[in-house]
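Q: First the structure, which I've put down as structure tokens, then a few questions once you've had a look.
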Amino acid sequence: MAVNDGGAQFEARLGEIAASTESLLDRLLGPGQAAGERARPARLLEAMRYASLGGGKRFRPFLVVETAALFAVPPERSLMAAAALECVHCYSLVHDDMPAMDNDDLRRGRPTLHKAFDEATAILVGDSLLTFAFDILARPETHPDPGVRIALVLGLSRAAGLGGMAGGQMLDLAAEGRFAATPPQLDLPDVEQLQAMKTGALLRYGCVAGAILGSADEHQRTALDRFGAIIGEAFQIADDILDVEGDAATVGKATGKDADAHKATAVGILGIAAAKKRLFGLIDQAESALALFGPNAALLKAAARFVAQRRA
Ligand code: IPE
Ligand code: IPE
Ligand code: MG
Ligand code: MG
Ligand code: MG
């Protein structure tokens, strides 16, 4: 009963945060140009809106807003950081789907960006959404203290770039054997590292951003960092299980592709049963990581269970 109640409350809160993120992105990506912009070219703006509006679970925004809520950060501030993170995530999906990367035609139940538009536009959408994320973080509405804004910018830079998401995507493609005569043989720690970078880094940042916005103390920040890292690992294992067990109509993207593409996944190394066991072990660890926050962290704990049980 308690578990179900937590799940229902989580779903309701995820829906609310998704709607708030959607309307904020809709406003930020409106036709009116910001100071210093010369113009907003209609095709690029339309494609940025296609990539970032009208779909997605908005789980990363949820993490930012709910971790910030532990410190009573006003939602209008945390939603700005949430929107910035979602811009980086949406850009990562646009590029991930391109023919030179995973070559996918379906995303969030719709044609991928390069299918709905074209490849050059998809490259520029990625460039522009990534840059826009830092534009959002730098605005005083995100936080009145410039020191907090710089910490948010630094954290997102590290999570998105060379040593984070983009670096992890490089390792993901290398693991397919694209850049060598013989594909590298990855063991479980190698795969964990790759996944902690390509997927974990942005989810982890979502939790750390809450701590930064809320001026968390060292213990609180360490706990949220640990929670985020565990959620990040779990999220990609769940994604890899959905690739095997899910169907495209429910998941909103092609399934059954990872093994054929020689993707390095925990499922590939451990097998599906052991991967599921690991996933549920991670959820227990994620819940323990939040012990410090007591009942205030109930929704974040429910979020951890959602990661393991999600069908899309
Ligand atoms: C998909 O992320 C890509 C991964 C990192 C596994 P999500 O499952 O969060 O995708 P959306 O945003 O809900 O579409
Ligand atoms: C995605 O990993 C990681 C990103 C940085 C986008 P996947 O390639 O498994 O994500 P999906 O399955 O296409 O959403
Ligand atoms: Mg990929
Ligand atoms: Mg992909
Ligand atoms: Mg996948």
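Q: Can you pull out every residue in the range 176-211 that is away from ligand 2 (no atom under 14 Å from the Cβ), over 16 Å from the mean Cα position of the chain (by Cα) and crowded, with 17+ Cβ neighbours inside 10 Å?
A: Within the range 176-211, LEU186, GLU192, ALA211 meet the criteria.
Q: So, in the range 152-174, how many residues would count as being more than 12 Å from ligand 2 (Cβ to nearest atom) and either modelled with pLDDT under 95 or assigned to a helix (DSSP H, G or I) (or both)?
A: Summing the residues that are more than 12 Å from ligand 2 (Cβ to nearest atom) and either modelled with pLDDT under 95 or assigned to a helix (DSSP H, G or I) (or both) in the range 152-174 gives 8.
Q: If you don't mind, there's one more thing I want to ask. Look through the range 39-83, keep the residues that are within 16 Å of ligand 4 (Cβ to nearest atom) and open to solvent by less than 50 Å² (accessible area, probe 1.4 Å), and return whichever of them is nearest to HIS95 (Cα to Cα).
A: Filtering first and then ranking leaves ALA51.
Q: Here's a follow-up. Counting just the residues of the range 217-241 that are open to solvent by 30 Å² or more (accessible area, probe 1.4 Å) and not charged (D, E, K, R), which one comes out nearest to LYS277 (Cα to Cα)?
A: Ranking the qualifying residues of the range 217-241, first place goes to ALA229.
Q: Tell me yes or no: at least one residue of the range 281-302 is under 16 Å from the mean Cα position of the chain (by Cα) and either at pLDDT 95 or above or acidic (Asp, Glu) (or both).
A: Yes, some residue in the range 281-302 is under 16 Å from the mean Cα position of the chain (by Cα) and either at pLDDT 95 or above or acidic (Asp, Glu) (or both).
Q: Moving on. Just to confirm my filter: which helices (runs of 4 or more DSSP H) fall fully inside the range 4-103 and include at least 2 residues that are more than 17 Å from the chain's Cα centre (by Cα), of a type outside the set (Asp, Glu) and closer than 19 Å to LEU129 by Cβ?
A: Of the helices (runs of 4 or more DSSP H) lying wholly inside the range 4-103, those with at least 2 residues that are more than 17 Å from the chain's Cα centre (by Cα), of a type outside the set (Asp, Glu) and closer than 19 Å to LEU129 by Cβ span 42-52.
Q: Can you say whether ALA264 is surrounded by fewer than 16 Cβ atoms within 10 Å (Cβ to Cβ) and not acidic (Asp, Glu), as far as the supplied structure shows?
A: In short, no.
Q: Now for a different question. Please name all residue pairs, on different chains or six or more residues apart, with Cβ atoms under 6 Å, provided the first residue is in the range 162-175 and is open to solvent by 20 Å² or more (accessible area, probe 1.4 Å) and the second residue is away from ligand 1 (no atom under 14 Å from the Cβ) and part of a loop (DSSP other than H, G, I, E, B).
A: Close Cβ pairs satisfying both conditions: none exist.
Q: A further question on this structure: What about GLY214, is it more than 16 Å from ligand 1 (Cβ to nearest atom), in contact with a Ser or Thr (Cβ under 8 Å, 6 or more places away or on another chain) and either within 22 Å of GLU86 (Cβ to Cβ) or open to solvent by less than 20 Å² (accessible area, probe 1.4 Å) (or both)?
A: yes
Q: For the structure I just gave you, tell me whether THR255 is without any contact (Cβ under 8 Å) to a residue 24 or more places away in the chain, surrounded by fewer than 19 Cβ atoms within 10 Å (Cβ to Cβ), within 13 Å of ligand 1 (Cβ to nearest atom) and over 19 Å from GLN193 (Cα atoms).
A: yes
Q: Would you check which residues across the range 156-173 are more than 23 Å from HIS262 (Cα to Cα) and under 13 Å from the mean Cα position of the chain (by Cα) and list them?
A: Selection gives LEU156, ALA159, ALA160.
Q: Give the residue, chosen from THR112, THR121, that is touching a residue at least 12 places away in the same chain (Cβ under 8 Å) and either out of contact with any helix residue (DSSP H, G or I) (no Cβ under 7 Å at 6 or more places or on another chain) or open to solvent by 60 Å² or more (accessible area, probe 1.4 Å) (or both).
A: Numbers: THR121 fails: either out of contact with any helix residue (DSSP H, G or I) (no Cβ under 7 Å at 6 or more places or on another chain) or open to solvent by 60 Å² or more (accessible area, probe 1.4 Å) (or both).
Among THR112, THR121, only THR112 is touching a residue at least 12 places away in the same chain (Cβ under 8 Å) and either out of contact with any helix residue (DSSP H, G or I) (no Cβ under 7 Å at 6 or more places or on another chain) or open to solvent by 60 Å² or more (accessible area, probe 1.4 Å) (or both).
The values are calculated or read from the model by the stated rules, or taken from the named source; none is laboratory data. Everything numeric here is computed off the predicted structure, so don't read it as measured data. Heads up, the Cβs are rebuilt from the backbone with ideal geometry, glycines too, and the neighbour counts pull from every protein chain shown. Heavy atoms of the whole protein, side chains included, go into the accessibility calculation; ligands, DNA and RNA do not. Shrake-Rupley method; radii C 1.70, N 1.55, O 1.52, S 1.80 Å.
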